[in-house]
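The values are calculated or read from the model by the stated rules, or taken from the named source; none is laboratory data. Computed from a predicted model, the values in this text were never measured in an experiment. Cβ placement follows ideal geometry from the backbone for every residue including glycine, while neighbour counts extend to all protein chains displayed.
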Amino acid sequence: MAGTTTRWRALIARLPEFRWNPGAAWLLCPPVTLDAVQQAMERDTDIAAIILEPTGAHYGQLPFDVVAYLSGLRDLCDRHGVVLIFDEVVTGFRASPGGAQVRFGISPDLTTMAKIVAGALPGGAVGGKSEIVDMIAQRGDPDWDNTQRVYHPGTFNGNPLSAVAGATCLELIAAEPINQRADAMAARLKTGLNDVFSRMEVSGHAYGIASMIHYTLAEGDFDREFGPEVNRRIKSAAATPAVTAIKRGLQNRGIDIMGRDALLVSATHVEADIDQTLAAFEATLAQVRDEGLF
């Protein structure tokens, strides 16, 4: 959450779970906790905006009940006059052709986008309600254009190469079943990973939304279990030598995943790619188990 208040220190004292950045005046709320957000809004009227990834941190690594939580945030922001911003840099055009906001039917006031929106070239975009976005638009009125308009300089603004690549990419997403193909391969991967965990009797679970798949060595079903305790279990399981060994073992078998525990699936992946990944994962788990890392 961001704002211009000078009373953050007193607010922080009342909300000890929050973290304060004295240089930028922002609050970091505990995840998946609407009560904490509500307390902050009720205790301070100078909160300008809330920004979050709409599927949870790290494109859903730390899951929550998306519809319930985002609906709650939307209601709180409407009641308190706070701008709701979705960071859809990853989820935009991946959670659905219209991003997480279309998939779950909850509209923010502003959306940040990159990656797919620029066709994988350097570039980003901000979209949102006209009353906010039009603050940067020139109107042909010298007073507005020179003294009131929000100035938006940028070295790469309007970069034609990124613009063409992005427009082409979005046209393909709109015209072809790209999301459906990626989602189908991701579902095959997620099911297969969970079968491997079960068959090998190794504690772990694969979960995720659309084509954004994560795995954890924590026990549970994280497509259905949410809350701070779940997040603590996932984070604790991620900070282990076994996860590093799995990453290395997969690379040695020709599979490179995102970070240490994320698998982003694309429409170019086919069943053979998924099956190769599953075979490599099973062999790697066996090796890591033989090494005594879990």
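Looking for something in contact (Cβ under 8 Å) with a residue 60 or more places away in the chain, hydroxyl-bearing (Ser, Thr, Tyr) and outside any loop (DSSP other than H, G, I, E, B) - is there at least one such residue anywhere in region 96-107?
yes
Assess whether LEU34 counts as being closer than 28 Å to ALA206 by Cβ and either at pLDDT below 90 or of a type outside the set (Asp, Glu) (or both).
Considered against the rule, which asks whether it is closer than 28 Å to ALA206 by Cβ and either at pLDDT below 90 or of a type outside the set (Asp, Glu) (or both), LEU34 comes out as yes.
VAL67 passes all but one of (1) among the β-branched types (Val, Ile, Thr); (2) more than 18 Å from ASP223 (Cα to Cα); (3) under 17 Å from the mean Cα position of the chain (by Cα); (4) assigned to a helix (DSSP H, G or I); which number fails?
(2)
Taking VAL230 and the conditions (1) of a type in the set (A, V, I, L, M); (2) assigned to a helix (DSSP H, G or I); (3) surrounded by 14 or more Cβ atoms within 10 Å (Cβ to Cβ); (4) out of contact with any Gly (no Cβ under 8 Å at 6 or more places or on another chain), which numbered condition does it fall short on, given that it satisfies the others?
Every listed condition holds for VAL230 apart from (4).
Residue by residue, here is whether (1) within 23 Å of ALA100 (Cα to Cα); (2) touching a strand residue (DSSP E or B) at 6+ places or on another chain (Cβ under 7 Å); (3) at pLDDT below 95 holds:
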site: GLN148; (1), (2), (3): no, no, yes
site: PRO153; (1), (2), (3): no, no, yes
site: THR168; (1), (2), (3): yes, no, no
site: ALA175; (1), (2), (3): yes, no, no
site: ARG181; (1), (2), (3): yes, no, no
site: ARG188; (1), (2), (3): yes, no, no
site: THR191; (1), (2), (3): yes, no, no
site: ALA206; (1), (2), (3): yes, yes, no
site: ILE213; (1), (2), (3): yes, yes, no
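Out of ALA267, ALA239, ALA262, report the one residue that is over 25 Å from ILE178 (Cβ atoms) and either in contact with a helix residue (DSSP H, G or I) (Cβ under 9 Å, 6 or more places away or on another chain) or surrounded by fewer than 18 Cβ atoms within 10 Å (Cβ to Cβ) (or both).
Checking each option against the conditions leaves just ALA239.
Table: residues versus (1) free of Cβ contacts under 8 Å to residues at least 60 places away in the same chain; (2) among the aliphatic types (A, V, I, L, M); (3) surrounded by 14 or more Cβ atoms within 10 Å (Cβ to Cβ).
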| position | (1), (2), (3) |
| --- | --- |
| ALA187 | yes, yes, yes |
| HIS214 | no, no, yes |
| GLN251 | yes, no, no |
| ILE257 | yes, yes, yes |
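Looking only at region 127-152, filter to residues that are in contact with a Ser or Thr (Cβ under 9 Å, 6 or more places away or on another chain) and surrounded by 14 or more Cβ atoms within 10 Å (Cβ to Cβ); which one of those is nearest to ALA163 (Cα to Cα)?
GLY127
For region 242-281, enumerate the residues that are in contact with an Asp or Glu (Cβ under 9 Å, 6 or more places away or on another chain) and assigned to a helix (DSSP H, G or I).
ALA242, VAL243, ALA245, ILE246, LYS247, LEU250, LEU278
I'd like to check something: does region 123-133 contain any residue that is outside any helix (DSSP H, G or I) and over 22 Å from ILE51 (Cβ atoms)?
Looking for residues that are outside any helix (DSSP H, G or I) and over 22 Å from ILE51 (Cβ atoms), one finds none in region 123-133, hence no.
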